[in-house]
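To start, the structure itself, in structure tokens.
The values are calculated or read from the model by the stated rules, or taken from the named source; none is laboratory data. Everything numeric in this text was worked out from a predicted model, so none of it was measured. Glycine also receives a Cβ, built like all others from the backbone with ideal geometry; neighbour counts cover every protein chain displayed. Remember, those area values only see protein heavy atoms, side chains included, never the ligands or the DNA or RNA. Shrake-Rupley method; radii C 1.70, N 1.55, O 1.52, S 1.80 Å.
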Amino acid sequence: MASLAAWQRTLEEGLRQAAERRHRLLLLNTSALPQASLLEALWPDAEQRERVLAQSQGPLAEALGLESEGLCLSGEAPDFAERLPALAGTLRAGGLLVLHLPRERTTPFQRWLCQRLAPWAYTLRGDENPHLLPPSAPNAPASAEAPPSADGLLDRLARALTGRGHRPALVLGGRGRGKSTLLGQLAAGAPHAELAVTGPHPHSTAMLRRVAAAEGRRLTHRAPDLLLSEGPLPDALLIDEAAGLPLPILTALLEAVPRVVLATTTEGYEGTGQSLRQRFLGAFRERYREGTVWTLQTPHRFAADDPLEAALNAVYSAPEGGSSPWPAPEGPGRLSPEAPEEAWTALYHCLRDAHYRARPRDLAQLFDDPSLERWVLGRDGELRGALLLKPEGGLPRALAQAVVQGQRRPPGHHGASILGAQLGLVDALTLKSLRVQRLAIAPDHRGRGEGAALVTAARASAASQGYAYLSVSFGATEALVRFWHRCGFRLARLGHRAGNASGAPSVLMVAPLSPAAQQMMLNAAPRLREELRFRLGPTGPALTAELRTTLLQHLPGPPAFSAGAEEACARWLAGEVVLEEVGASVLCQLEKALKGPGQAAPALQALTERLCLGAPWARLSAKLGLAGRRATETALREALKEALREVRPTPRS
């Protein structure tokens with residue numbers, strides 16, 4: 001116990017000094033000391049110890065917006081890689097973060113993590129008599145400066161809640177930057193009687209509401225989905241931790257409420273990956289030209305020279321200047337599992353900067369998953385693209401049948417399970433396949449064929465290894481559907497609703513490689529085509545006209561041939577009947593026309609909306625800038641005639 005008291009006294013002195021400097025401390029426990037004994041030594045008070053455990057082990061969705069006095073995270077927790085960056089930001093000045101990582105049970109990622117964190121951490125080592133190693137990184141000079149005043153920004157944000165509507169303000173910043181405090185102060189001074197507060201969870205808005213209550217305004221948390229579905233809609237709305245909301249809900253709130261201020265972190269652990277930075281931010285700036293985006297840099301919850309912040313930056317942030325210390329090999333290529341650790345961190349930063357689903361756990365997977373295929377594309381030593389492939393399938397037929405019947409759902413077979421359980425393709429589960437988990441191309445180098453080069457190289461490698469097919473799923477956009485189609489993938493499924501991270505329904509596409517997979521998809525094509533075409537109708541997910549037409553253009557297999565359908569469509573093209581009399585026949589011919597080269601003309605998109613959704617003629621006329629139904633229907637006829645000429649001679653004009 002003497003040695004235990006000695007290390008404990010050393011740590012207590014470190015905590016005292018940290019509180020004076022508004023720092024937070026990090027303790028790495030790599031010793032054999034059990035976690036329970038460590039907790040009891042660090043937090044002798046039972047109630048305090050229970051609070052620490054509750055905050056350390058609670059649902060991550062409920063942690064956003066909270067503050068914590070101490071944390072103890074175990075490397076054996078299945079979500080440790082996600083939990084560390086998410087919870088570390090909740091720790092306030094003077095607090096202690098303990099990482100319990102016994103050396104004999106750590107993963108490759110955790111061993112690398114310890115090396116990266118060690119310069120800023122106290123490290124507890126040893127077996128029966130553990131000893132404490134102090135941090136080796138020098139302390140920066142103590143800063144006596146108080147956190148900067150936010151009064152100026154507060155005044156600017158207040159303008160978003162007054163005057164003309166739909167001029168939202170977005171506040172970005174890392175954890176502990178005072179975003180929630182700022183929103184609380186804004187709420188306290190807002191003139192609106194009908195002011196609502198929302199976020200992913202009541203805990204997400206707890207700090208905001210506490211600050212507002214301290215200044216005399218009591219607010220309750222309103223669930224975002226109920227705010228939209230049940231109302232009443234408020235005059236003004238504050239959204240905290242906005243990146244934790246599904247993008248469709250976030251977008252709907254901005255459209256429904258005229259005056260909105262929202263704040264969030266964008267670190268990837270909020271529940272929607274990098275979607276707010278990758279997909280929402282550009283659309284926000286385009287849609288709300290008078291909206292504003294602000295970024296908070298200086299911490300409020302702890303000092304600017306906080307050692308824990310420096311340690312986490314060493315793990316999760318890209319090197320300053322954006323240059324990677326790892327020289328990427330030229331061209332597309334697959335990395336060996338023995339590649340240097342710098343390769344995995346370079347891949348992670350590439351994913352984080354370029355892929356909307358990237359999350360901190362991707363970094364751990366790059367280190368720990370031996371089955372993952374890691375592909376990179378380098379030019380002149382610079383990493384420009386990354387591709388991750390995950391093996392799936394190869395299941396015994398009995399297990400595959402159980403999956404199709406809904407009795408089993410083995411983990412790690414996402415694409416194959418959808419093809420089996422949702423579409424009834426047993427062979428998709430018994431055949432070996434690779435799922436595209438991530439494909440990311442640096443934003444400055446897109447549109448140059450780099451992504452296609454990576455996919456082409458990976459396809460050739462997969463075929464040579466005996467894989468039967470590749471699969472990929474993503475939030476649908478016209479550009480992505482066309483890209484994957486050019487890479488040899490064919491549509492197999494369209495999701496029911498918009499995804500939380502993408503704001504769009506997901507699609508699953510398949511690239512057959514082996515004769516068995518080609519036959520499987522050929523046999524399934526007629527049914528897949530009918531199911532997909534049905535999803536493009538009024539009972540399917542919400543789609544833009546452009547995306548609906550693109551999906552119709554890329555339905556699997558050829559359109560069903562029918563001389564009767566051609567004759568009926570020809571009568572409409574000749575102006576002998578109105579569209580409603582022969583709609584199904586015209587849709588068959590439209591599918592053929594969309595097989596032609598290039599993007600569908602606006603009139604063909606309008607025809608798709610009319611046939612698939614029954615879009616009103618008045619809306620189509622306005623969209624095409626025409627007066628009345630007659631002129632609009634004539635324009636649709638002419639557009640279809642022209643498109644059919646490009647794929648074959650029109651049967652009758």
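The heavy atoms of Leu613 offer some 60 square angstrom of accessible surface to a 1.4 angstrom probe.
Packing, taken as the mean count of other beta carbons within 10 Å per residue, orders the peptides 439-451, 38-50 from highest to lowest as 439-451, 38-50.
Expressed as a whole percent, the accessible area of the range 108-261 that falls on carbon and sulfur atoms is 50 (1.4 Å probe). Building the convex hull from the alpha-carbon atoms of the range 315-365 and averaging its projection over directions returns 4.0 nm². Counting protein heavy atoms only, the range 583-627 has 62 percent of its accessible area on carbon and sulfur, 1.4 angstrom probe. Per-residue surface analysis assigns Thr608 an accessible area of about 0 Å², computed on protein heavy atoms at 1.4 Å probe radius.
So which trypsin sites (Lys or Arg not before Pro) in the range 188-249 end up in coil per DSSP with only 13 or fewer other C-beta atoms within 10 Å? Here the sparse-neighbourhood loop sites are Arg218.
Taking the convex hull of the alpha carbon positions in the range 341-465 and averaging its projected area over all directions gives 8.7 nm².
Annotation: amide H of Leu383 within the under-5 Å range of Ala328, sequence separation 5 or more or interchain, hydrogens built in the peptide plane. Scaling against 2.2 N^0.38 Å puts the C-alpha radius of gyration of the range 183-305 at 1.05. Comparing Gln115, Ala81, Leu33 along the charge dipole axis of the range 7-123, the residue lying farthest to the positive side is Gln115, per the Cβ-charge model.
Taking every alpha-carbon pair in the range 523-627 and binning the separations at 10 Å intervals from zero gives 14, 46, 35, 4, 0 percent. With the convex hull of the Cα atoms taken as the outline of the range 269-390, the averaged projected area works out to 9.8 nm².
Ranked from largest to smallest solvent-accessible area, with a 1.4 Å probe on the protein heavy atoms, Phe561, Phe109, Phe483 come out as Phe561, Phe483, Phe109. Here the Kirkwood formula puts the hydrodynamic radius of the range 1-143 at 15.5 Å, using every distinct Cα pair. The listed residues Ser336, Ser585, Ser56 rank as Ser336, Ser585, Ser56 when sorted by accessible area, largest first, using a 1.4 Å probe.
Heavy-atom accessible area with a 1.4 Å probe sorts Arg285, Arg83, largest first, into Arg285, Arg83. From the alpha carbon centroid of the range 486-522 to that of the range 168-214 is 41 Å. Once each part is reduced to its C-alpha centroid, what is the distance from the range 246-275 to the range 27-94 in angstrom? Here the two parts' Cα centres lie 28 Å apart. Under conditions of 25 °C and 0.890 mPa s, the range 414-510 yields 173 µm² s⁻¹ as its translational diffusion coefficient, taking Rh as the Kirkwood radius over Cα pairs in the Stokes-Einstein equation. For the chain, the Kirkwood hydrodynamic radius from C-alpha pairs, put into Stokes-Einstein at 20 °C and a viscosity of 1.002 mPa s, yields a diffusion coefficient of 77 µm² per second.
Here is how the number arises for the chain: DSSP H runs of 4 or more residues each give -39500 (n - 2.57), the sum is divided by the residue count, and the result at 222 nm is -12500 deg cm²/dmol. The residues of the chain expose on average 43 square angstrom of accessible surface per residue, using a 1.4 Å probe on protein heavy atoms.
Enclosing the Cα atoms of the range 72-222 in their convex hull gives a volume equal to 174 cubic angstrom per residue.
Treating each Cα of the range 498-557 as an identical point scatterer and summing with the Debye formula, the log10 of I(q)/I(0) at q = 0.26 Å⁻¹ comes to -1.12. In terms of packing, defined here as the mean over residues of other Cβ atoms within 10 angstrom, the peptides 502-509, 99-106, 631-638, 618-625 line up highest first as 502-509, 631-638, 99-106, 618-625.
Estimated at the nearest 10 Å², the accessible area of Tyr467 is 30 Å² with a 1.4 Å probe.
Computed on the Cα trace of the range 395-448, the radius of gyration divided by the Kirkwood hydrodynamic radius gives Rg/Rh = 1.22.
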